[in-house]
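Asker: My structure is below; once you've seen it, I'll send some questions.
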Amino acid sequence: MNTQPLFTPRLILRAPTVDDVASVLAIYGDPETHRYNPAGPLADIAQAKAALDRWLAHWATHGFGQWAISTRDAPEWVIGFGGITLYPYNEVERINLGYRFAVSAWGKGYATELATAALHYGFKALDQPQVYGVVRPGHQASIKVLEKIGMQRIDELDDVPGQAPSLVYVATRPA
Ligand SMILES: CC(C)(COP(=O)(O)OP(=O)(O)OC[C@H]1O[C@@H](n2cnc3c(N)ncnc32)[C@H](O)[C@@H]1OP(=O)(O)O)[C@@H](O)C(=O)NCCC(=O)NCCS
């Protein structure tokens, strides 16, 4: 398992550890970061620990997963989580890009920077021909991120009963 941190121009992407549980709760427990997520924010530290345990198990099983994200200026301060994970939908396990940043980190291009690095990682380090992304249809900021990194909308996913389908995006590795 290669858990060496990755560096982008402004960010550090590293494998999470059990010590990140407070950051998970701070970011995933904030209703603002779940405005478009029907699952809703995490309620307490136990739910944060359960989510983190799933991410750590994904890393242990697959050797990659959700990164803890900080800036090079303040490496000890986690501003978000995101990266490439396996995510099953329509009965196929996909290589999926995801991200969630603290509200204080929004609007600075960090999601685009993370997503660009994650796409490259999926294509090169994981040798994957395609990387997918799923987004709620009204989530303009996230749609913008996926489109800025060159992803194309290819499908819909009926993953929220009684609501409009999510949008499925894909990026294909350049020849
Ligand atoms: C969605 C999210 C990741 C965006 O992070 P970010 O670092 O602010 O994103 P970026 O700055 O890289 O890019 C966002 C783009 O969307 C644009 N944008 C933001 N809000 C918008 C809105 N309401 N309508 C249209 N465009 C919007 C920004 O202007 C920017 O585009 P630009 O670079 O052309 O100006 C962040 O808001 C977040 O973490 N939200 C909570 C978690 C979440 O929803 N995750 C995605 C689940 S699919």
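Each reported figure results from applying straightforward, stated rules to the coordinates on display, with no laboratory input. Bear in mind that the values here come from a model prediction, so they are computed numbers and not experimental data. Here the Cβ is made from the backbone with ideal geometry for all residues, glycine too, and neighbour counts use every protein chain on show.
Asker: Around Phe81, what is the net charge, scoring Lys/Arg as +1 and Asp/Glu as -1 over all other residues with Cβ under 11 Å from its Cβ?
Answerer: Once positives and negatives cancel, what remains is +1.
Asker: What share of Cα pairs, in percent, lie more than 21 angstrom apart in the chain?
Answerer: So the pairs more than 21 Å apart make up 47 percent of the total in the chain.
Asker: Quick check: net charge around Gly109, other residues with Cβ under 10 Å of its Cβ, Lys/Arg +1 and Asp/Glu -1?
Answerer: +2
Asker: Apply the Karplus curve 6.51 cos²θ - 1.76 cosθ + 1.60, θ = phi - 60°, to the phi angles in region 91-105 and return the couplings in whole Hz, x for Gly and Pro.
Answerer: 6, 10, 7, 9, 7, 10, 8, x, 6, 8, 10, 4, 4, 5, 9
Asker: I've got another one for you. Most exposed first by the Cβ proxy, i.e. fewest other Cβ within 10 Å, how do Glu32, Glu147, Glu91 rank?
Answerer: Glu91, Glu32, Glu147
Asker: Among 9-18, 76-85, how do they line up by average Cβ neighbours within 10 Å per residue, starting with the highest?
Answerer: Result, highest mean first: 76-85, 9-18.
Asker: Lys108: which lysines have alpha carbons under 17 Å from its alpha carbon, excluding same-chain residues fewer than 8 sequence positions away?
Answerer: Those lysines meeting the cut-off are Lys144, Lys148.
Asker: With the cut-off at 1.5 for a/c, could you classify region 96-174 from its C-alpha gyration tensor as rounded, prolate or oblate?
Answerer: Taking the square roots of the gyration eigenvalues as a ≥ b ≥ c, region 96-174 is oblate.
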